[in-house]
């Protein structure tokens, strides 16, 4: 594996952990206790706070701040200017650093451009949060959510294609032909 690439304008504080093959571009800042996995891409002007954890193969587009307590699992995509919050009721004149709430974005999920994720939530595996959505509650695996506040519009495959279910609750991904099953209000990949 190759060493990480760090653009000369980026600031990487001593102690930050950065995996092999990761590329960190212009004007990024990575704090001392941040953890970034292998083969990630951090676009221009990305900030990674102390105690933020980024898995392997994560792609973060320009102008995103990954704050304290945010966990991005493997293969997550974060679109440009997406926002993660960490305090539910901020005030400039009240110190609330002991009240930070975590956000967990599970494996393979996508956060669209300019989306906002309110703290204390989990975005499920392979979920797709549409551009500009404001997520105020947990998102199920494979769910497609859009709007403000975000509401579920349907389901997507691991390839990010809309799933259309038959009467037996089965669907086929048009991207790779994999099969999915809808049972109750949950989707699972079956092949």
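The values are calculated or read from the model by the stated rules, or taken from the named source; none is laboratory data. Being a predicted model, the structure only gives us computed values, none of them experimental. Counting neighbours? That spans all protein chains shown, and the Cβs are built from the backbone with ideal geometry, glycine included.
Odds and ends about this structure:
- Among the conditions (1) in the same structural domain as residue 41 (by TED's automatic domain parsing); (2) within 28 Å of residue 41 (Cβ to Cβ); (3) touching a strand residue (DSSP E or B) at 6+ places or on another chain (Cβ under 6 Å), residue 152 misses just one, which is (2).
- Residue 48 under 27 Å from residue 159 (Cβ atoms) and crowded, with 20+ Cβ neighbours inside 10 Å: no
- Tallying residues that are out of contact with any strand residue (DSSP E or B) (no Cβ under 9 Å at 6 or more places or on another chain) and either at pLDDT below 95 or under 12 Å from residue 67 (Cα atoms) (or both) within region 16-54 yields 1.
- One residue stands out among those in region 84-118 that are under 16 Å from residue 146 (Cβ atoms) and without any contact (Cβ under 8 Å) to a residue 40 or more places away in the chain: the one that is surrounded by the most Cβ atoms within 10 Å (Cβ to Cβ), which is 111.
- Of the strands (runs of 3 or more DSSP E) entirely within region 39-146, those holding at least 2 residues that are within 24 Å of residue 6 (Cβ to Cβ) occupy 70-72.
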